[in-house]
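A short write-up of the structure that comes next.
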Amino acid sequence: MRITKAFLQSLLQPVIGIDEVGRGCLAGPVYAAAVIFKSEKDVTKYYDSKIIEHEEREKLASSVLEHHHAEVGIASVEEVDRFNIREATFLAMRRAVEQLAVKHKITTGTLLVDGRDKIPDFESFQQLAIVDGDDKVRVISAASLVAKVARDRFMTDLSQTVSHYGFEQHKGYGTKYHREQIQKHGPSIWHRQTFSGVKEYLQN
């Protein structure tokens with residue numbers, strides 16, 4: 001699918017970009033962001049958050065929040081373990097969209113969702129799932145920036161009270177150091193108990 005400006009303008013408005021972060025982590029909640037561009041001015045500067053350095057990512061996320069409509073949705077560690085990571089991701093996405101819709105009195109539109117899956121049971125919106133959407137579609141890129149920066153800040157703050165694991169370094173992803181610390185200290189309440197790399201070290 002070729003995503004052009006004309007194609008985006010042909011969709012049911014408003015067009016809402018959605019992306020998540022934290023799906024592959026061993027610890028911490030899943031974050032998602034939903035973004036609506038208020039204008040097309042300068043939006044080409046937004047890129048996939050994974051390929052941007054920390055300082056630039058912070059600046060661009062602040063730009064999105066300042067110049068456009070954006071909301072963040074969160075699914076907790078408990079919800080990840082209760083429902084599974086896929087369903088928790090949908091839950092975070094749905095919450096982000098619902099917050100955006102309530103705040104700006106939106107009742108319909110088109111959701112552009114990064115990845116292969118549409119958000120289930122969300123009938124009031126049209127949806128398109130776009131593989132590598134965070135690289136191909138600027139409004140999804142903007143959502144990726146907002147979600148990534150919000151979650152990174154949360155994990156960095158968390159490291160101040162849960163200090164053994166180095167959350168400020170890896171943000172909960174399964175790095176060698178993180179896995180070693182889980183093995184040494186056992187999982188914290190912020191670790192996903194159903195995930196391999198964590199569940200092996202739970203106290204029975």
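If you line up the long axis of helix 176-185 against the longest principal axis of the chain, both from Cα atoms, how many degrees apart are they, to the nearest 10?
Here the helix axis deviates by roughly 50 degrees.
Each residue of segment 15-25 in order: what ³J(HN,Hα) in whole Hz does its phi give by Karplus 6.51 cos²θ - 1.76 cosθ + 1.60, θ = phi - 60°, with x for Gly and Pro?
8, 10, x, 9, 8, 10, 8, x, 4, x, 7
With just the Cα atoms defining each centre, how far is segment 40-81 from segment 131-181? Give it in Å.
Here the answer is 12 Å between Cα centres.
Grab the Cα-Cα distance for Arg82 and His104, subtract it from 0.36 nm times how many residues apart they are, and report the gain in nm with one decimal.
Computed gain between Arg82 and His104 is 4.8 nm.
Just Glu71, Glu87, Glu180 to compare: in a GNM of the chain, with alpha carbon springs under 10 Å, which one fluctuates most?
Maximum fluctuation in the GNM of the chain, among the listed residues, is at Glu180.
How are the alpha carbon pair distances in the chain distributed across 5 Å bins from zero to the largest one, expressed in percent?
Spelled out per bin, shortest first, that is 1, 8, 16, 19, 18, 15, 10, 7, 4, 2, 0, 0.
How high is the relative contact order of the chain, given as a whole-number percent (alpha carbon pairs under 8 Å, six or more residues apart)?
29 percent.
Using modelled amide H (1.01 Å from N, peptide plane; none on Pro or chain starts), what sits under 5 Å from the amide H of Gln127, excluding residues fewer than 5 places away?
Those lying under 5 Å, H to H, from Gln127 are Leu111.
Once label points are set 7 Å from the Cα along Cα→Cβ at both Glu180 and Ser163, what is their separation, rounded to one decimal in nm?
Computed distance between label sites Glu180 and Ser163 equals 1.9 nm.
What's the angle, to the nearest 10 degrees (0 to 90), between helix 138-158's Cα axis and the longest principal axis of the chain?
Relative to the chain, helix 138-158 is tipped by roughly 30 degrees.
Using a Gaussian network model of the chain with C-alpha springs under 10 Å, which one of Leu112, Leu128, Leu26 is most mobile by mean-square fluctuation?
Checking each option, the largest mean-square fluctuation is seen for Leu128.
Taking the 0 to 90 degree range and rounding to the nearest ten, how far is the long axis of helix 54-67 tilted relative to the main principal axis of the chain, both from C-alpha atoms?
Taking the Cα atoms of the chain, the angle to 54-67 is about 40 degrees.
Each reported figure results from applying straightforward, stated rules to the coordinates on display, with no laboratory input. Everything quoted here is computed from the prediction, not taken from an experiment. Every residue, glycine as well, gets a Cβ built from its backbone with ideal geometry; the counts of neighbours run over all protein chains shown.
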